[in-house]
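First comes the structure, then the notes that go with it.
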Amino acid sequence: MISLSNVLKANAISCIGFGLTFLLFPELVGSFLSENNQAPSFVLTVLGIGLFINGLHLLWVSFKSLPSKFIVLYFSIGDYIWVFATSYLLIAGLWITTPLGIAITILVSAVVGTFGLLQMTKRKKIDHC
């Protein structure tokens, strides 16, 4: 069953995993995404730290019996910002230019957007029960 707690946990695992990847391997991530127009390692490192902290916060909230509407909205807005920022980078041809990098980025963005949508719908459904 897909519950709010499970969606938050899945989102947390995603954030922690990508956060550690960006933090520990920024040059490798940069070259995977683009051969000659790479994101600065500093940007990926900062993004990694932010994702890791966000993931820990998501994990903590996932164990609450009823997370507040505000906190769920906060995480969902963050997910939507990720989707819009990713879309911008892809459209602008900035930092994500390899075919595999583009494909993986689109897949990850779709999953992140789905997390945002599921978090909001599952939280709203709790209020109607």
Selection count, region 18-48, where residues are surrounded by fewer than 14 Cβ atoms within 10 Å (Cβ to Cβ), part of a helix (DSSP H, G or I) and touching a residue at least 24 places away in the same chain (Cβ under 8 Å): 1
Residue match in region 77-88 (condition: among the hydroxyl-bearing types (Ser, Thr, Tyr), surrounded by 15 or more Cβ atoms within 10 Å (Cβ to Cβ) and in a loop (DSSP other than H, G, I, E, B)): no
Positions within region 73-103 being farther than 13 Å from Asn11 by Cβ and in contact (Cβ under 8 Å) with a residue 60 or more places away in the chain, in sequence order: Trp95, Ile96, Thr97, Thr98, Leu100, Gly101
Set Val72, Val61, Val7: member being under 13 Å from Phe115 (Cα atoms), part of a helix (DSSP H, G or I), touching a Phe, Trp or Tyr at 6+ places or on another chain (Cβ under 8 Å) and at pLDDT 95 or above: Val7
Candidate set: region 1-17, residues that are small (Gly, Ala, Ser) and under 18 Å from the mean Cα position of the chain (by Cα); chosen: the one surrounded by the most Cβ atoms within 10 Å (Cβ to Cβ): Ala12
Qualifying residue in region 100-113 (condition: of a type in the set (Ser, Thr, Tyr) and surrounded by fewer than 15 Cβ atoms within 10 Å (Cβ to Cβ)): no
Test result for Trp82, more than 16 Å from the chain's Cα centre (by Cα) and of a type in the set (Phe, Trp, Tyr): no
Residue check, Gly30 modelled with pLDDT of 95 or more and farther than 27 Å from Asp127 by Cβ: yes
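The values are calculated or read from the model by the stated rules, or taken from the named source; none is laboratory data. Because the structure is predicted, anything quoted here is derived from the model rather than measured. All Cβ positions, even for glycine, are placed from backbone atoms using ideal geometry, and neighbour counts span all protein chains on display.
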